[in-house]
Amino acid sequence: VVPPRALVVTSRTRDAGRHYHLMMAENDDDASSFILEKEYELTEQMVTERAEIEELLMANSVTSPLLPNEPTAAAAAAAVKPQRGFGGGSTAVKKKKKGKKLKNSKKTEQPPQNNSNNNKSDEAKDHAKVLKQEGLVRIDGVLSDAVTDQLREFVYDIRTTELKRGGATTMQATFSTIRRWDLSIPLFEDDSDDNNNNVVATTTTSTPSTPTIAYQALNDVLQTTAVGETMSRFLGTDNAELYELSSYISDPGSARQVIHADTPCFGTDDDQPILCTCFIALQDVRMDMGPTIWLPRTNTYKIHDLFFGEEDDETNTSSATPRKDQFLQTQSSVVGIIPKGSCVLFDSRLLHCGTANKSTMTDNSRALLFFSFQHPNINLFNPGGDTASIRPDLKGRFRLADFLVSSSRADDDEQ
């Protein structure tokens with residue numbers, strides 16, 4: 001039994017891509033806490049060493065910057081001002097910095113809306129096609145500079161609150177992997193639930209008073225850009241459930257993750273999606289800040305069986321190179337060096353990892369907003385304790401259709 005003031009540390013570092021939690025209870029049982037900490041220390045050391053090995057294995061394979069997906073020629077010609085370009089940042093008009101308290105999301109700047117609904121639909125079809133073929137797609141300019149800056153400040157305020165709960169500072173100094181923060185975020189100001197998932201502040205029948213900047217950002221991205229319809233077309237439905245809604249911070253000194261997938265393949269049907277995840281950069285992401293690396297076209301049963309499956313008799317010897325390592329030595333990858341306000345959509349089955357934040361400046365953390373939608377035919381559940389990065393009051397509460405202006409016709413013949 002874990003007391004309500006336990007510190008929950010989440011780390012997306014394991015092969016299966018699941019969330020593993022360490023509960024360092026603030027109680028009188030010092031011996032139990034000591035054993036837990038030592039066990040966790042050993043595990044984290046093994047994970048870090050494996051990640052370093054994988055970095056060496058991939059050193060000679062081809063790694064390229066993940067480029068933005070260009071709209072189709074027809075959509076580009078019809079667009080008033082195409083908003084694409086690598087490293088160009090957001091195209092929104094900059095405004096003076098607002099105060100730290102963001103009580104009214106109506107005061108924030110709206111993202112650019114240059115394309116008509118038809119152009120946005122054409123763009124979404126193109127993005128979804130790439131997403132299905134490669135397992136990921138980059139879309140630039142999905143949030144304005146103003147909203148992105150306010151959202152980043154909002155996320156850091158949440159982390160400050162978590163730090164005040166105690167215990168995290170010492171653990172961060174001990175374990176480099178804990179310099180990664182996975183913090184769920186509220187959509188409404190009266191959602192007082194914390195990241196230990198101990199309090200459910202609102203229910204599906206309550207009427208929240210004031211949306212947070214996270215609520216505006218989610219609506220901006222899903223309604224006014226091609227992201228929402230792209231996710232719908234990839235999943236094949238608007239009825240997908242909001243499965244995760246969180247923020248992710250990688251501080252300087254954080255270790256590299258091992259290559260993993262966020263979900264396994266369910267059966268051999270590669271056409272059955274599970275989750276579609278969106279990472280949004282809350283600042284320009286440089287190479288030294290620990291960007292994510294993805295391995296395109298690895299979201300298949302065949303690749304998962306090769307990478308996660310048992311070694312065959314030929315490679316199951318002390319002298320043979322494991323097939324998993326052979327694969328990493330030859331597999332190409334792309335790295336998410338992307339500008340602020342841009343996003344990457346990816347299939348949860350795609351192999352990827354966060355790299356080490358090697359920045360020498362203490363304020364050069366890499367912060368992301370991320371959310372995912374789950375296909376209604378899939379029920380993700382881990383009896384060992386795995387939980388999605390979302391506040392309890394938001395679980396099962398929203399569907400993708402709730403954020404779309406109208407039906408995206410995800411099941412039409414042209415997807």
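The values are calculated or read from the model by the stated rules, or taken from the named source; none is laboratory data. On a predicted model such as this, the values are computed, not experimentally measured, just so you know. FYI the Cβ positions are ideal-geometry reconstructions off the backbone, even for glycines, and counts take in every protein chain you see. The protein model used for the area step is the full one, side chains on, heavy atoms only, and it has no ligands, DNA or RNA in it. Shrake-Rupley method; radii C 1.70, N 1.55, O 1.52, S 1.80 Å.
As a summary of the residue check, R18 satisfies the conditions (1) modelled with pLDDT of 80 or more; (2) within 24 Å of R349 (Cα to Cα); (3) open to solvent by 50 Å² or more (accessible area, probe 1.4 Å) except for the one numbered (1).
Scanning region 156-175 for residues that are closer than 22 Å to M289 by Cα, surrounded by 15 or more Cβ atoms within 10 Å (Cβ to Cβ) and at pLDDT 55 or above yields Y156, I158, R159, F175. Does A92 fit the bill of being at pLDDT below 95 and part of a helix (DSSP H, G or I)? Taking the combined requirement at face value, the residue does not satisfy it.
Considering each residue of region 327-369, count those that are crowded, with 19+ Cβ neighbours inside 10 Å and among the polar types (S, T, N, Q), and give that number. Adding up the residues that qualify gives 8.
Picking from D270, D262, D251, which residue would you name as being charged (D, E, K, R), open to solvent by 10 Å² or more (accessible area, probe 1.4 Å) and farther than 17 Å from L368 by Cα?
D270 is the lone residue from the list that is charged (D, E, K, R), open to solvent by 10 Å² or more (accessible area, probe 1.4 Å) and farther than 17 Å from L368 by Cα.
Only one of the numbered conditions (1) under 24 Å from S61 (Cβ atoms); (2) open to solvent by 30 Å² or more (accessible area, probe 1.4 Å) is not met by H304, and that is (2).
Restricted to region 34-55, and to residues there that are surrounded by 14 or more Cβ atoms within 10 Å (Cβ to Cβ) and of a type in the set (A, V, I, L, M), the residue that is farthest from A255 (Cα to Cα) is L36.
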